[in-house]
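Shown next, in structure tokens, is the structure this report addresses.
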Amino acid sequence: MLIGIGGGTGSGKTFLALKLQEEFGERKVIIIEQDAYYKDLSHLTLNQRLEKNFDHPDAIDFNLLYDHLNKLIDNQPVNIPIYDFSTHTRRKETKEIQPHPAILLEGIMVLTNARLRNMMDIKIFVETDPDIRFIRRLERDMLERNRTLKHIIKQYKSTVKPMHEQFVEITKKYADIILPEGVNNEVALNLIRTKIKTQIKKAVLTN
């Protein structure tokens, strides 16, 4: 089972994925982050990398992501990239991922790609107030990605907000479930839990 979790930056996609993984266990549920699949920009200077639009679908290596998901669904392990957000390059080392009964694919662009959507058993869009999303992104980029306040605000105004409106917000129409309250929406969460439980039972019976 492949579950896609989309939504704007700071909407709570990762928190939702981690909550579901915690409930079912890391042996049953694996999280694949779209952010690991940013294209490697090591061929550019650091200043050139900083000028790139990382909030456009073209920034994502969808071909590699699609290939890895197909292999996992086909019961094959994969080595996913490890992306360094401080340098905008891929590290030399990779992370081996084994097949799991349920795969949670999360990221702002996961519902923008038709090939990925066609693979998904459930498509979720996490909807959160724009002000809350901006504050969360601000905190994350300063604490985890070593970005300055000036850079974060400039990036948000120049690419994050307009790209959200152009590419991300419209993907709600593809979602099977919209979570306007994120993990606090128990009705929708129970539907997702039921689907995952069913898939895990099928995997146990098959094996």
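What is the stretch 90-174's relative contact order, in percent, from Cα pairs under 8 angstrom and six or more apart in sequence?
39
I want to check the label-to-label distance for Thr94 and Thr198. Put each point 7 Å from Cα in the C-beta direction and report it in nm to one decimal.
Output for this residue pair reads 3.4 nm.
Which entries in Lys92/Lys195; Lys13/Lys157; Lys71/Lys92; Lys161/Lys197 show an alpha-carbon gap greater than 28 Å?
Beyond 28 Å: Lys92/Lys195; Lys161/Lys197.
Ignoring everything except DSSP H segments at least 4 long, calculate the 222 nm mean residue ellipticity for the chain; use -39,500 (n - 2.57) per segment, divide by total residues, nearest 500.
Rounded to the nearest 500, it is -11500 deg cm²/dmol.
Based only on other Cβ atoms within 10 Å, what is the fewest-to-most ordering of Tyr38, Tyr83?
Taking fewest neighbouring Cβ atoms as first place, the list is Tyr83, Tyr38.
Largest first and in whole Å, what are the equivalent-ellipsoid semi-axes of the stretch 1-67 based on the Cα gyration tensor, each being the root of 5 times an eigenvalue?
They are 28, 14, 11 Å, listed largest first.
Convex hull over the alpha-carbon atoms of the chain: what's its volume per residue in Å³?
It is 118 Å³ per residue.
What angle, in degrees between 0 and 90 and rounded to the nearest 10, separates the Cα long axis of helix 62-73 from the longest principal axis of the Cα atoms of the chain?
For helix 62-73, the angle is close to 20 degrees.
Each value in this text was obtained by applying a stated rule to the coordinates, not by laboratory testing. Remember, it's a predicted structure, so these values are computed and weren't measured experimentally. Note that each Cβ is placed from the backbone with ideal geometry, even for glycine, and that neighbours are counted across all protein chains shown.
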